[in-house]
Each structure stands twice: as structure tokens, then as C-alpha cells.
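So the structure is just underneath, and the comments pick up after that.
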Amino acid sequence: MKQFFLLSFVLLCFAATFAETPSDADNKNNTEDVELMELVVNASRTQTKLKEIPSSVSVITTSSIETNEINTLSNATSVIPNFFMPEYGSKLTSPVYIRGIGSRINAPSVGMYVDNVPYFEKAAFNFDFFDVQKIEVLRGPQGTLYGRNSMGGLINITTKSPLDYQGTHVQLSAGNYGLFKANAGHYQKISDKLGYSISANYLHQDGFHTNIFFNEKVDMLDAYGLRLKLQYLISDKWSLDFTSNVDQSSQGGYPYALYDKVNQADGFVNYNQKSGYDRYLMSNALKLKYVSEGWEFSNTFSYQFLDDNQQIDQDFGIDSVYFAGQMQKQHNFANELIFQSNTHQRYSWLFGVFGFLQDAGNIVDVDNYKTVTPDGNVYMWYQKRYLSVTEGAALFHQSSYKVLPQLTLTGGIRFDYEQSRMRYQYEGTKAGAPLASVDTVYPSLRDKVILPKVALAYEISPKSNFYASYSTGYKPGGFNSTFEKPEHLMFRKEISHNFEMGMKAELINYIYADLSVFYTNLKNQQIYRTAPSGRGSYLDNSGLSNNRGLELTLQNHSFYGFEGMIAYGYTHAEILEYVLSETVSYNNHFTPYIPRHTLTLQGTQNIKPARNKWIDRIKLNILYNETGELYWNLTNDLKEESYGILNAKVTFIRGNLQLDFWGKNLTNTQYHAFMFESGNKAYAQAGKPVQAGVNLSVKF
């Protein structure tokens, strides 16, 4: 595999010898003319350039999103070191792991914003991309500026602005496994001060895995998206942005097959009750901004509504044993007010106030067809209702001061307060007789934390910077929706302390290098556990854990039409203290779901064919991504070895027309996308096989 990729990479480097390479002028007209070191990172809050941020950051531009077929956030795994978002089960289970920090259930451990809207629920993380302009990933705790649930890092996604980009874009895609996709967008400036855009997306996929009980695909997908954006420059100082986004999907599930741990072999997906996941997601944001001489302020109000329904055959077998349905509705309100300086003086500052309210209702229906009683098996049904309200507020500040012309000291602090309360209701029947009902309001949980940050950045030269930083993060405690023992009802807040050093530099005027090393100490890490019965899961707290590792990215500016990237991430994530009893200890075990290594090798060659009136430009892209090794459970006896995925794409461009031929997992690598234990059995989901398709795009 590696030899094949390296050979392909070398051939790509020499592809230009068969045609004219684009001149510098051609490159400026046909590709994004962006100096990597000069990219502005919006997620920094202070519009800081990439080279000046004292932390490890990856920025995926529009060109990279298009070239690498990054259609969902999980696809970004292939180009960002120490970033892992597996695709398993359904959109409901969409955890993100950065530097070994993530959460399979409940609230995420990685923050995400899309067009100024904070995403509180990770079930909303997995959506289909269209008209995305830039993806920014900040690795390491971002607690000072972003607070709760940004322990692992922060993802900031920005869509295209009608004030910066005008025209109409239509793309149609088709591929194997019944893939059909269509998206269209129109971006227009009504005047120099007013612009609007409207874009839509549709996706259908037949699915990859077959349930042999029904002899049909188990993981089909239909998804729709619609986005409206308005931008108004009210005056020279005032501006108003409004974004509204709707996403709806209907998805089959779950492609889990019985796994033979002894022979390390997958069985077949084979269960008798159809499962699936339906989701409706609406997000809105209104941002008002005022810019004055020396300072500015912005106020962003956002609202997100999530309504979903999960149906799952929990025994994953041909007998009717357990079947569960889960329906949830969430209303998420947030408001953030920021005052900050906007001049390049020796001292810069930022003050902010943040508040949110999350109102959630969760209903779980369970059919237990074979409850064992002295008289035999009887049918049992029960319903659990969880009605929770979480609210919080924060004050935060950050200052930067140039101690010397080359040395900048940055410090910040945040005070976070959060309160959550839950009402729990239970009712059911057993053998036709009603069970004792429960209606309980649990005492409120309150968290108060102070999150400091300090960083030093030293400019070695105009194109080289060194930094060292200390930052903190936190994930609040809460209530579990599954608890079979009283001690499993609640889990405590998790705190992280991160130490990091790094260097950003431009080498020999062509290659951008970003190197960082980190050490993260975690207290009360929230650990995913399966309920004793094997049905459902909950969060528990370990004592101490630590993660340590490094990231290295080497990326060149376009050189005779060639662009290349090498990105490597290493994470050693270890649980130091987690003892359940005298006989059960997970001390010094690897943290599950965390890849030890991530590796990306990419090469893109732009070619301008000589004397060809039919094709203006050809782009060849090869992308190899390796992920490995990782453990699927706390006992570390379910393990995934390293595996590599090879993708490729050929693009032909003529004027406003573009034709792409692409392939994913071209070597049909066999791997597991997910594996878990339920009771005394293990189940596995196979990774996606080889895929191929074509895109046709036109711009007006």
C-alpha cells in the first residue's frame, strides 16, 4: 500500500512534464492565491493570522474542501493531524476526537460553531457540506474564549459570503452504491451594502451494508439542506448578518454484525426489526457589529432546534428480545457580546459575555419481549422521560502585550457558571399489569469554574514563530439518561490542563511547517460505559488520565502547479487511575477510540494542456490517509490495527464547466469503522468499501 502510494506520488510530481505547467498568472487566476502563513483565523476571535496564533491550528480552504471531496466533517479526518471523527451507526452517534479527547455520548468534548451558531449537541455535528468557505480546527483546550465543551479543541465552519462571492453554482454528483447528490447556490449583491445568498442540497445513498434477514441495505440515507444568508452594511460602522439553515435526514441503521473475538472475524448484519434515525435540524443566527476607531463590538444571538427519532433493534439478532425508540427535542438559545480592540498597537484586549439556555426533552420507549420470570418469559414495556433544562453564563477576557518587538505575551481568564436540572418520569407494564410509576425532580447540579490561559509567542523572523502556552478546558457534569444503579445517575465535571510548545515557519520560501508538542492532564475524565444489562450506556468518571503527543504539518505553496502536504499526528492517551473494585482496575490502560497515529500524504498537480481548445486546466489529486492503532474497549482486548485509505481525483476545467472523476478507498482496504461490546458479545461495523463517482459543476 505505502509503496503504491509513493509511486503514485512520484508519478504525480512528474505529470507536468507531459504538458505545460500553469504560469504564475494562471495560478492566480485558477487557484486560491493565499499565503498559508497569512491566512486569518476567524476562530481566534481577534482575526489573528495563522502564523501568529500561539496554538496548533489547521485551516481547510475552499480549494482543499473541493479537491479532497470533503463533504462532511468526518471527511476532514483525512487531512487534519490528531483529528478523528469516525462514521458509525447513524448521525446520532457523531463523536469528534482531538488529541485523544472526545465523548461518545451526551454533550461533545469538542466545540463547534457554524456561521456563528454554537452546536451544543453532537447529534448535529454530522451534516452534509455545501457552500462551505473555510473550516478551522484549533487543537487543545479553548476554554478561555469558548468555555464549556471545548476541551479537545474547536471547529469553526464558515459558509460563503454574498458580499465576497457572487454568481450561481450548480453541481450534480453520481456514484456507486446508489449515490446521487445535487447542490445549488445563488450569491448576489443587491447593492454595495446589501447581499443575499440561497443554497440547497440533496443527497441519496442506497447504503453499503446488507441486512441478510431482510436482504436489503441497512444504512440508506436521504438528506436535504437549505441555507439563507443576508448581509447588510448599514453604514460605515454598523453591519448586520443573518443566517438560517435547515437540515433534514432519514437514515437506516445499524450495520452491526456479531464479531468473533476468538477468530477475529466479522459475521453478518442479521436482525429482524428495522432500525433507523430521522433528524430535523434548524439553526439561526443574527449578528450585529459596530466598528469604531480603535475598538469594536459584536452581539450574536442564535437559536437551534433539534428534533430526532431513533429506532434500534438492541439485540441485533433474529429473535425479538429488545427494541428501543428514542425521541428527543432540544431548543438551544445562546447570546454572546464581545468588545475588543481593533488596532495593531502594542497592547490589544477583548472582553466578552456569554449566556445560553438548553431546554431538552428525551423519551425512551423499550420493548422487552423476553423478560425472564418464574413462570416463563413475559412481555414488558416501559417508557422513560427525561425533561432537562441547562442554563449558564460566562465572563471572559483576553489581553496581548508586546513585551519586546518580537515577544508577545497573551493572557486570558474565564468564569463559567452552569446549572442543570432534570425531571425523570417512568411508567410501564409487565405481563399486562402496570408497573409502579415514577415522577422525580432531581436536585440541581451547579458548576463554577475559572479557566485561565497564558501564552508566549516569539517571532524568530518575519516568517518564523515559536510559542509556548498553558490552557485549561472543562466539560460540565450532568445526568445520565441510562442508569441501572443509583451511583450511575450523575457524573462529575471534567477538567483539563494543557501544556504546549510549537513552531510555525516558512522554509526555503516554499514550504510551510507547523510543529507542536503537547501534554494534557485530565481530572475526572468522563468515561463511556455500557450498562450492566448490556442495554444502553452511561458516563462515569475516572481519576486521572493524560494525553501526550505531537503534530507536524509540511505544506508547500504552489510550485510549477504542484502542491503537496504531509501531516502527521501522534497521541498517547492513557488512563492512569480508574479502579472499580478490588478485582477490576483500568489503571494504565489506553483510552478507547483514540488512534495512536494519523498520517496524511497528499499531492496535487495542476496542468495546463498545450494547445488544447477543449480543456483549460487539469488537476490530479492523490490523498493517502493512515489511521492506527486504536482500542475499542477499556480492557484493551478489542483492537484495530493501523489501516490506510487511498483516494484520488481527476478534474477537467473548461471555462465555467468542471468535470471530476473521483475514487475513495481505491484499494478496498478492510477495516472496522466501529466496534463495541454488549453484555458478553461483541459487534462490529465494517468500514466503507471502494467508492467511485463523477461530479459535474457549472458556474454562472
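The values are calculated or read from the model by the stated rules, or taken from the named source; none is laboratory data. The model shown is predicted, which means the values in this text are computed figures rather than measured ones. Note: ideal-geometry Cβ built from the backbone for every residue, glycine included; neighbour counts use all protein chains shown. For the accessible areas, the whole protein counts, side chains as well, though only heavy atoms, and no ligand, DNA or RNA atoms are used. Shrake-Rupley method; radii C 1.70, N 1.55, O 1.52, S 1.80 Å.
Subtracting the Cα-Cα distance of Phe351 and Ala393 from 0.36 nm times their residue separation leaves 13.7 nm of extension gain.
Accessible area of Val517 (1.4 Å probe, protein heavy atoms only, ligands and nucleic acids ignored): about 60 Å². Stretching the chain fully between Asp367 and Leu228 yields a gain of 45.9 nm (0.36 nm per residue, less the alpha carbon separation). If R0 is taken as 35 Å, the Cβ-Cβ distance between Phe297 and Glu629 corresponds to a FRET efficiency of 0.15. By the gyration tensor of its Cα atoms, with a ≥ b ≥ c the square roots of the eigenvalues, what is the shape of region 69-140: rounded for a/c under 1.5, prolate for a/b over b/c, or oblate? Verdict is rounded for region 69-140.
Ligands, DNA and RNA left out, the 1.4 Å accessible surface of the chain is 58% carbon and sulfur atoms. Cα centroid distance between region 157-222 and region 396-430, in Å? One Cα centre to the other: 34 Å. Shape of region 106-179 from its Cα gyration tensor (a ≥ b ≥ c, root eigenvalues): rounded if a/c is under 1.5, otherwise prolate when a/b > b/c, or oblate? Oblate is the answer for region 106-179, as a/c is 1.5 or above yet b/c matches or exceeds a/b. For the Cα atoms of the chain, what angle does the longest principal axis make with the long axis of helix 2-13, in degrees from 0 to 90, nearest 10? Helix 2-13 sits roughly 30 degrees off the main axis of the chain.
With bins 5 Å wide beginning at 0, the percent of Cα pairs of region 64-202 falling in each bin runs 2, 9, 17, 20, 18, 13, 12, 6, 2, 0. Pairwise alpha-carbon distances in region 353-511 exceed 20 Å for 68% of all pairs. Computed from backbone phi with θ = phi - 60° and the Karplus coefficients 6.51, -1.76 and 1.60, the 3J(HN,Hα) list for region 398-415 is 9, 10, 10, 9, 7, 5, 10, x, 9, 10, 10, 9, 10, x, x, 8, 9, 10 Hz; x is used for glycine and proline. When the C-alpha to C-alpha distance is required to be over 29 Å, the pairs from Lys122/Lys453; Lys448/Lys639; Lys189/Lys504; Lys261/Lys475 that qualify are Lys448/Lys639; Lys189/Lys504; Lys261/Lys475. Computed on protein heavy atoms with a 1.4 Å probe, the accessible areas place Val372, Val137, Val579 in the order Val372, Val579, Val137, largest first. Sorting Leu620, Leu507, Leu138 by solvent-accessible area of protein heavy atoms yields Leu507, Leu620, Leu138, largest first, with a 1.4 Å probe.
For the pair region 254-311 / region 669-683, the C-alpha centres are spaced 21 Å from each other. Look at where the Cα atoms of region 520-577 and of region 36-113 average out, and the two centres are 13 Å apart. Where nothing but the Cβ of Lys and Arg (+1) and of Asp and Glu (-1) is charged, how large is the charge dipole of region 198-338 around its Cα centre, in debye to the nearest 20? Result for region 198-338 is approximately 420 debye, rounded to the nearest 20. The mean accessible area for residues of region 105-234, using a 1.4 Å probe and ignoring ligands and nucleic acids, is 33 Å² per residue.
Here r is the Cβ-Cβ distance between Lys189 and Ile318 and R0 is 51 Å; the resulting FRET efficiency, rounded to 0.05, is 0.30.
For semi-axes √(5λ) of the Cα gyration tensor in Å, computed directly from the structure shown, the correct entry in (i) 52, 31, 26; (ii) 56, 49, 23; (iii) 40, 31, 26 is (iii).
Rounded to whole numbers, the Karplus 3J(HN,Hα) couplings from phi for region 675-688 are 8, 8, 10, 9, x, 9, 10, 10, 10, 9, 10, 6, x, 6 Hz, using 6.51 cos²θ - 1.76 cosθ + 1.60 with θ = phi - 60°, and x at Gly and Pro. Note that region 274-385 presents 47 Å² accessible area per residue, ligands and nucleic acids not counted, probe 1.4 Å. Heavy-atom accessible area with a 1.4 Å probe sorts Arg548, Arg279, largest first, into Arg548, Arg279.
A helix-only calculation puts the chain at -1000 deg cm²/dmol for mean residue ellipticity at 222 nm, using -39500 (n - 2.57) for each DSSP H run of at least four residues, averaged over all residues. Computed extension gain for Val246 through Val454, at 0.36 nm per residue and net of the alpha carbon distance, reaches 71.0 nm.
Accessible surface calculations at 1.4 Å, restricted to protein heavy atoms, place region 447-533 at 44 Å² per residue.
Calculated FRET efficiency, Ala436 to Thr667, Cβ-Cβ distance, R0 = 60 Å: about 0.55 to the nearest 0.05.
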